[in-house]
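To keep things clear, I will list the structure first and then write my remarks on it.
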């Protein structure tokens, strides 16, 4: 069993995302440690992809910066392994199907397991296509995270029944990125999930303030924040450790107190 | 040819975000219903015949045949369709389907601009809103088509991400569709993307091979020996091949854009230089690096400048039913000029890739053999860039 459930034990989970290798892998390591020390309960490590079709401009640009700076899947896997010498917080990779497929899915998962990663999020692999990755994830004791969206409707129960680790609830239509408000009826999505499973649900997409994070965590089991953090890394580069640490602190406090 | 999950052999599938899944499921259900609906088919035939100008001619290029001194050359004149390319076949089908589904807005990607112009045209005809995503690079090299789209009432959105070409336009159109599904149909322009698009687009383009077969049988009482078409995503090629797939005597040849050559990085020849991967909703062959990062491909032809190929082509390649050959920029430009002088027909630079390969193989074939080349579009849009390629600056 992965450690993902620990992130949700007796509290709401704050789940930050960063793109590995932006601006470089050394900074990524420091950022991950800083996030873990400042209340992150589960960390999403993005492996950069040249054409991330589910991302808005903020994460697209982060992926470009990381690739230009020389990040590769092999280097990210090595970095994750090094990080595990320092931190124990549950971590999942988030990337696109082709990144894992090109590396060799089995090789990727065996090395991810070696780095004691806990799961994998592939936003371009829906329920219908998950088997080729899910069976390998299971073999290496990693959770392939399922997503549900505002449009999922009658698909929610089918997805929830087979979900592992936690369910990533997409808060809004569209791609990742900061939004001024979230209008989806999150409560009813969660209720639908709850009718078939008690797996934790965390809400992501568009969350950028402690207020929204608290609101989303209150409706679910946690809040996922990516673009708002990546935006700070874009602004401060190698000097982003402090601003990201204090932002993560504010966000995780808001989530934990929700 | 496809199984329930939209697979062609191992290729195809639906690798898209969960947000889009119900949209493609709804599209598949609507298509499965309307494809057998007599009223839908009557309306579509009427649009094909009385709006797009079908059937398109199958023209016997006698001068070219004599000059090459081998197989007889026949040109399937998709360039004569309304809007000047085969793209209108698919767009009329999808726009009619979208209308029946109650959609009021069409979005599309475009490379050379032909699909964008066709979509803008159908949107005008059906009184629908239209937004076309086009790479910044392509907007510069296809200014005439950009103007046409605007004239037809479409918004053209410049895509600055990545290489600013067709793949980035597809990514951006997919992102836009994710944010607005209720009233919007994504009118995908090629036999690519998630199921059911490769099947829907192929079915609407299959009219090309249906007509070739009828026209050639009427003319010669037999089947042609080879059918040649250019391949980017592969819609005119699959349309030209489809009704011949079960006729093993007919060689099916897809011509990929080799750019500056398949031994360089400046190429878009997917079958010749790519590897199996997962991108833009499908499993197929893609130009990519060893980490699976999609390659910044290059071709003189904006319409073939795409790092992937439709899943049905990938499968036809796997089972050795079709051949996929590389054609360089230089060979295509020479063919562009050759067909213009030899037959008085200026082909699209995309189609010129197919002409170039026919010029290579026709002399090795006998006089009683026949090659059909699909001229997928007209070349007006390319004159400025071909002139520039030849060192001449002209303005429109």
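The values are calculated or read from the model by the stated rules, or taken from the named source; none is laboratory data. Bear in mind the structure is a predicted one, so any value in this text is a computation, not a measurement. Every residue, glycine among them, receives a Cβ derived from its backbone with ideal geometry; neighbour counts consider all protein chains shown.
Does region A:220-243 contain any residue that is over 18 Å from the mean Cα position of the chain (by Cα), within 14 Å of chain B (Cβ to nearest Cβ), surrounded by fewer than 21 Cβ atoms within 10 Å (Cβ to Cβ) and closer than 24 Å to residue A:61 by Cα? No, the conditions are met nowhere in region A:220-243. Of all residues assigned to region B:78-87, at least one qualifies as being in a strand (DSSP E or B), within 29 Å of residue B:308 (Cβ to Cβ) and under 15 Å from the mean Cα position of the chain (by Cα). Applying the criterion of at least 2 residues that are crowded, with 22+ Cβ neighbours inside 10 Å and in contact with a strand residue (DSSP E or B) (Cβ under 7 Å, 6 or more places away or on another chain) to the helices (runs of 4 or more DSSP H) found wholly in region B:282-396 leaves B:311-318, B:329-343, B:349-361. Of all the numbered requirements in (1) under 25 Å from residue A:186 (Cβ atoms); (2) under 20 Å from the mean Cα position of the chain (by Cα), residue A:137 misses one, and that requirement is (1).
Here B:212, B:278, B:271, B:238 are screened, and the one residue that is modelled with pLDDT of 95 or more, closer than 21 Å to residue B:196 by Cβ and part of a helix (DSSP H, G or I) is B:238.
Restricting attention to helices (runs of 4 or more DSSP H) lying wholly within region B:88-194, give those where 2 or more residues are touching a strand residue (DSSP E or B) at 6+ places or on another chain (Cβ under 7 Å) and more than 14 Å from chain A (Cβ to nearest Cβ).
Details: elements: B:114-125, B:136-141, B:143-151, B:166-179.
Of the helices (runs of 4 or more DSSP H) lying wholly inside region B:88-194, those with at least 2 residues that are touching a strand residue (DSSP E or B) at 6+ places or on another chain (Cβ under 7 Å) and more than 14 Å from chain A (Cβ to nearest Cβ) span B:114-125, B:136-141, B:143-151.
Of the set (1) over 28 Å from residue B:126 (Cα atoms); (2) buried (at least 16 other Cβ atoms within 10 Å of the Cβ), all apply to residue B:63 but (2). Taking every residue in region B:193-222 that is farther than 27 Å from residue B:9 by Cα and pairing it with any residue that is buried (at least 21 other Cβ atoms within 10 Å of the Cβ), at least 6 positions away or on another chain, the pairs with Cβ-Cβ distances below 6 Å are B:216/B:224. Is it true that residue A:101 is modelled with pLDDT of 95 or more, part of a loop (DSSP other than H, G, I, E, B) and within 14 Å of chain B (Cβ to nearest Cβ)? Against the criterion (modelled with pLDDT of 95 or more, part of a loop (DSSP other than H, G, I, E, B) and within 14 Å of chain B (Cβ to nearest Cβ)), residue A:101 does not qualify.
So which strands (runs of 3 or more DSSP E) stay within region A:112-171 end to end and still have 1 or more residues that are at the interface with chain B (Cβ under 8 Å from one of its Cβ atoms), within 20 Å of residue A:53 (Cβ to Cβ) and in contact with a strand residue (DSSP E or B) (Cβ under 9 Å, 6 or more places away or on another chain)? Write out each step before concluding.
Numbers: elements: A:119-121, A:146-148, A:167-170.
Where strands (runs of 3 or more DSSP E) fall fully within region A:112-171 and carry at least 1 residues being at the interface with chain B (Cβ under 8 Å from one of its Cβ atoms), within 20 Å of residue A:53 (Cβ to Cβ) and in contact with a strand residue (DSSP E or B) (Cβ under 9 Å, 6 or more places away or on another chain), they are A:146-148, A:167-170.
On the stretch given as region B:11-51, residues that are within 14 Å of another protein chain (Cβ to nearest Cβ), surrounded by 13 or more Cβ atoms within 10 Å (Cβ to Cβ) and part of a helix (DSSP H, G or I) total 11.
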